[in-house]
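Right, one structure below, let's go through it.
The values are calculated or read from the model by the stated rules, or taken from the named source; none is laboratory data. Bear in mind that the values here come from a model prediction, so they are computed numbers and not experimental data. Backbone-built Cβ (ideal geometry, glycine too); neighbour counts: all protein chains shown.
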Amino acid sequence: MSGETKKRVLSGIQPSGNLTIGNYLGALQQWVAEQDTFECYFCIVDLHALTVPQDPAALRAKTREVAAIYLAAGIDPEKSAVFVQSHVSAHTELSWILTCLTPIGWLYRMTQFKDKSSKQQQESIGAGLLNYPILMAADILLYQASAVPVGDDQRQHLEFTRDIAQRFNHTYGETFTLPEAMIPREGARIMGLDNPLAKMSKSEASEYHAVYLLDPPDIARKKIMRSQTDSGRDVRFSSDPERAGVNNLLTIYQALTGEPKEAIEARFEGKGYGDLKKAVAEQVNDRLSPLQARYNRLMHENGYLDEILAQGAERARAVADKTLAEVRDRVGFVAPYR
Ligand code: ATP
Ligand code: LTN
């Protein structure tokens, strides 16, 4: 197998809401593209989803839904291991060992913790929300991944992962590969359709905030047609916050078509925001329709998804358990007698 010489990639998405076109353009689209270059591990990070309150039945359903979306988006389970994070117990075990090595100051500094904890009542913030980056570091380091394809918002978590890996390596000897963030050139930070100054997020409840990957075409079109723009008329890329809405629509168009900026601006020369919105809606629906058709087929094939997840977990365990055995030895645990 050629896989043995390939570098490894690991990434994951939380099963904590409806996946958005932001998740697709920032993460999934890249994953699909990297499958032949790297040996890939893609997980559904259910342990991470528990860091904010979840309904058990909804979490179970979402975990399967996200797995099916990975496959429907083009992840090929023959090439890449697709698995559920909680099926591989090495993740929580390494997470504890790394927890003991992490200065709490590093955790309080993380912007995601500050954002998410500010949205909750002080007394109900779980320690898991603070420790979130440690579990993510464990996910990555167990696979000795050299690249981690994620959106722009995950840069700080990747820096954290490198820092903790270096700290371990210095303390106990070279053990972990230092991973690099792999951030797409376009689409790394898709903004909310109803508020182009805030990142599009799957846990934002408002109706016109995001296009979900499973939205029917008329709903997706309606959300895009209603998206917030400004009172100008020129359809041009811009870093002016006043024009963030149009810039966001152009960015979505660019990330989906792969066309250069100049070609896109030329295409919309003399046209208005309404034309841009229609064109974006068409590109989005052209991409989502086949994904949704595959998704519906997969969800109706009894047992298929479970089989893929079982095989994925087996492949993941083979790698993760090997790294964990080395870690256990390095930190001084007595090897189990049997
Ligand atoms: P939540 O809002 O529930 O925390 P999220 O939408 O940010 O979730 P995650 O599960 O945290 O989604 O992220 C999954 C992947 O999608 C990550 O690689 C993240 O960087 C990427 N991603 C999330 N939102 C965007 C976005 N608006 N633009 C580009 N990439 C994104
Ligand atoms: N923190 C990530 C999700 C995540 C992840 C990972 C991404 C958990 N573990 C490992 C890449 C690699 C997020 O997108 N919020």
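Restricting 246, 327 to those that are assigned to a helix (DSSP H, G or I), in contact with an Asp or Glu (Cβ under 9 Å, 6 or more places away or on another chain) and closer than 30 Å to residue 166 by Cα reduces the list to 327. Cβ-Cβ contacts under 7 Å between residues 6 or more apart (or on different chains), taken from a first residue in segment 152-167 that is without any contact (Cβ under 8 Å) to a residue 40 or more places away in the chain to a second residue that is more than 16 Å from ligand 1 (Cβ to nearest atom), are listed as 161/141; 162/178; 165/141; 165/176; 165/178; 166/178. Residues in segment 190-204 that are among the acidic types (Asp, Glu) and modelled with pLDDT of 95 or more: 194 alone. Summed over segment 36-47, residues that are buried (at least 19 other Cβ atoms within 10 Å of the Cβ) and either modelled with pLDDT under 95 or part of a loop (DSSP other than H, G, I, E, B) (or both) total 2.
Would you say residue 313 is in contact with a Phe, Trp or Tyr (Cβ under 6 Å, 6 or more places away or on another chain), within 30 Å of residue 95 (Cα to Cα) and either surrounded by 13 or more Cβ atoms within 10 Å (Cβ to Cβ) or among the hydroxyl-bearing types (Ser, Thr, Tyr) (or both)? In short, yes. Taking the conditions exactly as written (modelled with pLDDT of 95 or more and more than 25 Å from residue 86 (Cα to Cα)), does residue 293 satisfy them or not? Here the answer is yes, as residue 293 does meet what is asked. Residue count for segment 1-35, restricted to those that are part of a loop (DSSP other than H, G, I, E, B) and either touching a His at 6+ places or on another chain (Cβ under 6 Å) or hydroxyl-bearing (Ser, Thr, Tyr) (or both): 2. Checking 149, 184 one by one, the residue that is within 13 Å of ligand 1 (Cβ to nearest atom) and surrounded by fewer than 19 Cβ atoms within 10 Å (Cβ to Cβ) is 184 and no other. Restricting attention to segment 1-18, the residues being more than 11 Å from ligand 2 (Cβ to nearest atom), under 25 Å from residue 55 (Cβ atoms) and either at pLDDT 95 or above or among the acidic types (Asp, Glu) (or both) number 1. Restricting attention to segment 179-203 and to residues that are within 14 Å of ligand 2 (Cβ to nearest atom) and either outside any loop (DSSP other than H, G, I, E, B) or over 15 Å from the mean Cα position of the chain (by Cα) (or both), the residue that is farthest from residue 8 (Cα to Cα) turns out to be 199.
With respect to residue 159, determine if the residue is of a type outside the set (Phe, Trp, Tyr) and either out of contact with any strand residue (DSSP E or B) (no Cβ under 6 Å at 6 or more places or on another chain) or more than 15 Å from ligand 2 (Cβ to nearest atom) (or both). Spelling it out, residue 159 is indeed of a type outside the set (Phe, Trp, Tyr) and either out of contact with any strand residue (DSSP E or B) (no Cβ under 6 Å at 6 or more places or on another chain) or more than 15 Å from ligand 2 (Cβ to nearest atom) (or both). Would you pick out the residues in segment 130-142 that are within 13 Å of ligand 2 (Cβ to nearest atom) and more than 17 Å from the chain's Cα centre (by Cα)? Answer for segment 130-142, where residues must be within 13 Å of ligand 2 (Cβ to nearest atom) and more than 17 Å from the chain's Cα centre (by Cα): 131, 142.
What residue, of 233, 221, is modelled with pLDDT under 95 and either part of a loop (DSSP other than H, G, I, E, B) or closer than 19 Å to residue 283 by Cβ (or both)?
233
State all residues of segment 62-85 that are assigned to a loop (DSSP other than H, G, I, E, B) and crowded, with 17+ Cβ neighbours inside 10 Å; if no residue qualifies, say none.
Applying the first criterion (assigned to a loop (DSSP other than H, G, I, E, B)) to segment 62-85 yields 74-80.
Those that are assigned to a loop (DSSP other than H, G, I, E, B) and crowded, with 17+ Cβ neighbours inside 10 Å: 75, 77, 80.
Taking each residue of segment 11-25 that is closer than 15 Å to residue 61 by Cα and looking for partners that are of a type in the set (A, V, I, L, M) and within 6 Å of ligand 1 (Cβ to nearest atom) with beta-carbon atoms closer than 8 Å, six or more apart or interchain, yields 13/27; 19/13. Looking only at segment 207-225, residues that are of a type outside the set (A, V, I, L, M, F, W, C) and within 21 Å of residue 265 (Cα to Cα) come to 0 in all. In segment 1-30, the residue that is farthest from the chain's Cα centre (by Cα) out of those that are within 14 Å of ligand 1 (Cβ to nearest atom) and under 19 Å from residue 177 (Cβ atoms) is 9. Return a yes/no flag: does segment 48-61 have any residue that is more than 22 Å from residue 153 (Cα to Cα), within 13 Å of ligand 1 (Cβ to nearest atom), of a type in the set (S, T, N, Q) and in a loop (DSSP other than H, G, I, E, B). Among the residues of segment 48-61, at least one is more than 22 Å from residue 153 (Cα to Cα), within 13 Å of ligand 1 (Cβ to nearest atom), of a type in the set (S, T, N, Q) and in a loop (DSSP other than H, G, I, E, B), which makes the answer yes.
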